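A.B. asks: For reference, the structure I am asking about is given below.
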Amino acid sequence: MEAIENMKTRRSIRKFKPDAVPQELMDKIIEAGLYAPSGMNKQSPIIIAVTDRKMRDEISEMNREIGGWQEGFDPFYGAPAILIVLANKECRTAVYDGSLTMGNLMLAAHNFGLGSCWIHRAKEEFESDKGKAILKKLGINGEYEGIGHCALGYADEEPKEHIIAENRVYHIK
C-alpha cells in the first residue's frame, strides 16, 4: 500500500532549492530507474546523471532554445541534478521502456523526499550535433532517442493539489 500512496502523492515540482542531491540518493534513484520493466526485457534505456553545473546549464540552454523561451529562462526550474533518459532506437519499445524508466525515477525521488519534474525536448536535444557530441564524449555508441529529463532536487514550493479528471475509465464487462 505504501507504493500506491507514493503514486498518489507525487507531484511535479517547478521550483527547486540549489542544494546538491547526495550521491547515495542519486544512486538509489538511478537503481530504481534501471528496474523499470522493458519490452522483452531488452533494457533499452540508459540514464545520464548530470550534476556538473556547467554541463547542466549547457543542456538547459539547449532545451530553452528548442522550447523557444526567452533568454535567462531555466526549463529545469533550478534543479541541481538532471537524470536524462535515452533509449536505443533499435528497440521497438524504446519510447515505452524509457517512459517507464522516467516514471520509476520520479516515484523513487518522491520516496526519498526529493522533488522531480519530467522535462521534455530530450529527443530534439540528442538529435542535434551538440547532443550527439555529448554522447560521443561519454563513449555512448549507437542510435539513442532522448525520452526525457528528470529534473531532480529538493522542492522549494508546495506541491499542487491533484484532482482526477472525470471520464477517464471505461469498463467492458
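A.B. asks: Report the residue count in region 58-100 for those that are touching a residue at least 40 places away in the same chain (Cβ under 8 Å) and under 14 Å from Gly148 (Cα atoms).
C.D. replies: Of the residues in region 58-100, 22 are touching a residue at least 40 places away in the same chain (Cβ under 8 Å) and under 14 Å from Gly148 (Cα atoms).
A.B. asks: Follow-up question, since we're still on this one. How many residues are open to solvent by 10 Å² or more (accessible area, probe 1.4 Å) and over 23 Å from Glu2 (Cβ atoms) when one looks only at region 107-125?
C.D. replies: Within region 107-125, residues that are open to solvent by 10 Å² or more (accessible area, probe 1.4 Å) and over 23 Å from Glu2 (Cβ atoms) number 4.
A.B. asks: Further question on the same structure: Say whether the condition of being open to solvent by less than 70 Å² (accessible area, probe 1.4 Å), farther than 24 Å from Glu157 by Cβ, of a type outside the set (A, V, I, L, M, F, W, C) and part of a loop (DSSP other than H, G, I, E, B) is met by at least one residue in region 70-86.
C.D. replies: Within region 70-86 (the criterion being open to solvent by less than 70 Å² (accessible area, probe 1.4 Å), farther than 24 Å from Glu157 by Cβ, of a type outside the set (A, V, I, L, M, F, W, C) and part of a loop (DSSP other than H, G, I, E, B)), the answer is no, since none of the residues qualifies.
A.B. asks: Scanning region 126-163 for residues that are more than 26 Å from Lys17 (Cα to Cα) and aromatic (Phe, Trp, Tyr), which turns out most open to solvent (accessible area, probe 1.4 Å)?
C.D. replies: Tyr144
A.B. asks: I want to confirm something. Restricting to region 138-163 and keeping residues that are touching a helix residue (DSSP H, G or I) at 6+ places or on another chain (Cβ under 8 Å) and at pLDDT 95 or above, which single residue is farthest from Asn88 (Cα to Cα)?
C.D. replies: Leu152
A.B. asks: Filter region 1-40 for residues that are open to solvent by 60 Å² or more (accessible area, probe 1.4 Å), in a loop (DSSP other than H, G, I, E, B) and not aliphatic (A, V, I, L, M) and give the result.
C.D. replies: Hits for region 1-40 are Arg14, Lys15, Lys17, Pro18, Asp19, Tyr35, Pro37.
A.B. asks: Pick from region 89-106 the residues that are open to solvent by 10 Å² or more (accessible area, probe 1.4 Å) and touching a strand residue (DSSP E or B) at 6+ places or on another chain (Cβ under 6 Å): which of them is farthest from Ile134 (Cα to Cα)?
C.D. replies: Across region 89-106, the extreme among qualifying residues is Met106.
A.B. asks: A follow-up question, please. Taking region 41-52 on its own, how many of its residues are of a type in the set (A, V, I, L, M) and open to solvent by 30 Å² or more (accessible area, probe 1.4 Å)?
C.D. replies: Final tally of qualifying residues: 3.
A.B. asks: In addition: Going by what's in this entry, would Ile59 be described as open to solvent by 40 Å² or more (accessible area, probe 1.4 Å), in a helix (DSSP H, G or I) and either closer than 16 Å to Ser128 by Cβ or polar (S, T, N, Q) (or both)?
C.D. replies: Against the criterion (open to solvent by 40 Å² or more (accessible area, probe 1.4 Å), in a helix (DSSP H, G or I) and either closer than 16 Å to Ser128 by Cβ or polar (S, T, N, Q) (or both)), Ile59 does not qualify.
The values are calculated or read from the model by the stated rules, or taken from the named source; none is laboratory data. All figures in this text were calculated on a predicted structure; none of them were measured in a lab. No Cβ is skipped: glycine too gets one built from the backbone with ideal geometry, and neighbour counts run over all protein chains shown. These accessible areas exclude ligands, DNA and RNA; they are computed on the full protein's heavy atoms, side chains included. Shrake-Rupley method; radii C 1.70, N 1.55, O 1.52, S 1.80 Å.
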